[in-house]
Amino acid sequence: MNINNLHFGYEATQSIINGLSVSLTPGHIVGLLGQNGAGKTTLLKLIAGLCFPTSGEIEIFGQQPKNRDPKFLQELFFIPEDFTLPNMTIQQYAHYYGVFYPCFDKALFQRALKSFELNTQQCLPALSYGQTKMFLTAFALSTRAKLLILDEPSNGLDISNKQVWKELLLKEINEEQLVIISTHQVHDIENIIDSLLLMKEGKILINTSLMELENKLYCGFQREAPSPSTVFYSEKRSGGYAIIKENANEQPSAIDLELLFQACIKNSTIADLFSGEKHG
Amino acid sequence: MGNIKASIQFMKIELFLNRKLILWLSIVFGLLFILTAKTAPQLSPIYHIALFGGGILMSSAAFKKIHEKNTAMLYLTLPVSTITRYLSLWLLTGPIYLIFITFLYGIGMMISIFQGFFFYIDIFSFSHVCLNYLILNAIFLWGSVMFKKLSLIKTLFSLLLFGIILAIIKGIIFQGPWLVFISYRWAQSVWLALGIVAFISAYYQLKKCEIK
């Protein structure tokens, strides 16, 4: 997926995406983070061909999404944040819509439904918000589409179902698939994503792998207030301060995505560490 | 999936989702045709109401899903080409609906014949009804793609506006002894052209439809 110098605005005077460029390759689960209004959902809609760029290019599987070619759409499944499902049962949905996806995996669909404790006779409009998300996740995975776009997929899921959702995603995604997850619930994606896209004001601020983040950044905790010159960002937490700083000593540390997000929003110099990187 | 196969599957979905409406239409119009079969002359007005009234309502609502954000995203990302999507709904609300209502009318007519009524079928007039329905169908499908809300009313208003503008143009250009001769031919041609333009325009509007 190549996006080059993308511009988009819902109105001529209002620009949402400003010269965004990014390249992504299959075999990754990418977390897309950004503040409200940063352009995350708009970017996802542009990738899915639901909006057309004002200028710039998007090329996915050699196609332009705005053409909405069936061959391209067969390789894409988009779970929007809010949606209305048709008035039919889960089984009927799979029967009527599954045939549009040549690689639709019925066995996987059944497995996923079982994991979410959904049964095929349940009527879609009668499902709760969380259950519809689980159902669509099951369907999306079963299409075996090469590009899965999930916008706030864990909203409405309870704690145990979030765990099931994570496990399912990790188990069923293969090396030929690319998953983009846009969310504000950073903890929900902490252990599943391997790459991170961070957006600010319609641009990509950081596009890198989690491994690279861990190599270059150190997230830790200390009792005393840190000197601002020694850290990118710190925030007061119970009993001390969570800090994020350059990993000068190559100390191993898990990346605290929430802290990183805040750091990038408050102190954009952190992005300089990753500038020029085009992680795949 | 080939275009024809996708089109059939797409139509199956539409028919399934609208199964209750189809059932009610069949019951209501079927009963009306059967009950009025005793008074044969009333069959024709009911046929016209069923065809034009019901058909226009359905055509106006055909692309409602693309205007509602919550339904549009899943609808537009379904792997179906725009032409398949468009032609499937045109087939359902146009020719198939026409055949369906004509079939119900035919049942009413058969009952009337069995009861001793005589029917004279004017093929020329019937083909005119069919053509007029298909033109109106194309215009209201265009309205369904174009207008986010109140597409039926807005399309009717557009038609009215178009008629007024046309009448003014006609009044200015075609005056004098040719008026009577030109009127009929001219009106027929404009009406047909309007249907064709609406049919093509609706497709291109659907193709460039975005979710904002």
A careful count of residues in the range A:155-183 that are surrounded by fewer than 21 Cβ atoms within 10 Å (Cβ to Cβ), in contact with a Phe, Trp or Tyr (Cβ under 9 Å, 6 or more places away or on another chain) and outside any helix (DSSP H, G or I) gives 2
Taking the range B:1-39 and the residues there that are surrounded by 14 or more Cβ atoms within 10 Å (Cβ to Cβ) and aromatic (Phe, Trp, Tyr), the one that is farthest from the other protein chains (Cβ to nearest Cβ) would be B:33
Take the conditions surrounded by fewer than 17 Cβ atoms within 10 Å (Cβ to Cβ), modelled with pLDDT of 95 or more, within 14 Å of chain B (Cβ to nearest Cβ) and out of contact with any strand residue (DSSP E or B) (no Cβ under 7 Å at 6 or more places or on another chain) and apply them to residue A:91. Does it pass? yes
Filtering the range B:68-86 down to residues that are surrounded by 18 or more Cβ atoms within 10 Å (Cβ to Cβ), hydrophobic (A, V, I, L, M, F, W, C) and assigned to a helix (DSSP H, G or I) yields B:72, B:73, B:74, B:76
Among residues of the range A:73-86 being more than 17 Å from residue B:9 (Cα to Cα) and within 8 Å of another protein chain (Cβ to nearest Cβ), the residue surrounded by the fewest Cβ atoms within 10 Å (Cβ to Cβ) is A:82
Selection from the range A:12-68 of residues free of Cβ contacts under 8 Å to residues at least 24 places away in the same chain and assigned to a strand (DSSP E or B) yields A:14, A:63
Screening B:29, B:52, B:33, B:10 for residues that are aromatic (Phe, Trp, Tyr), in contact (Cβ under 8 Å) with a residue 60 or more places away in the chain and touching a Ser or Thr at 6+ places or on another chain (Cβ under 7 Å) leaves only B:10
Residue count, the range A:79-127, condition closer than 20 Å to residue B:66 by Cβ and polar (S, T, N, Q), comes to 2
Screening B:120, B:133, B:203 for residues that are in a loop (DSSP other than H, G, I, E, B) and either buried (at least 16 other Cβ atoms within 10 Å of the Cβ) or modelled with pLDDT under 85 (or both) leaves only B:120
Those residues of the range A:15-50 that are within 13 Å of chain B (Cβ to nearest Cβ) and either within 21 Å of residue A:154 (Cβ to Cβ) or charged (D, E, K, R) (or both) come to a total of 6
Taking the range A:51-64 and keeping only residues that are crowded, with 20+ Cβ neighbours inside 10 Å and either under 29 Å from residue B:16 (Cα atoms) or at the interface with chain B (Cβ under 9 Å from one of its Cβ atoms) (or both), one is left with A:51
Inside the range B:41-77, the number of residues satisfying the requirement of being away from chain A (no Cβ under 14 Å) and of a type in the set (Ser, Thr, Tyr) is 4
Scanning the range B:1-14 for residues that are touching a helix residue (DSSP H, G or I) at 6+ places or on another chain (Cβ under 7 Å) and of a type outside the set (S, T, N, Q), the one modelled with the lowest pLDDT turns out to be B:1
Check: Is it true that residue A:162 is of a type in the set (D, E, K, R) and modelled with pLDDT under 95?
Finding: yes
Considering the range A:196-252, residues that are assigned to a loop (DSSP other than H, G, I, E, B) and surrounded by 14 or more Cβ atoms within 10 Å (Cβ to Cβ), and then whichever is nearest to the chain's Cα centre (by Cα), we arrive at A:202
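The values are calculated or read from the model by the stated rules, or taken from the named source; none is laboratory data. Predicted model, so just to flag it, every value in this text is computed and none were measured. Counting neighbours? That spans all protein chains shown, and the Cβs are built from the backbone with ideal geometry, glycine included.
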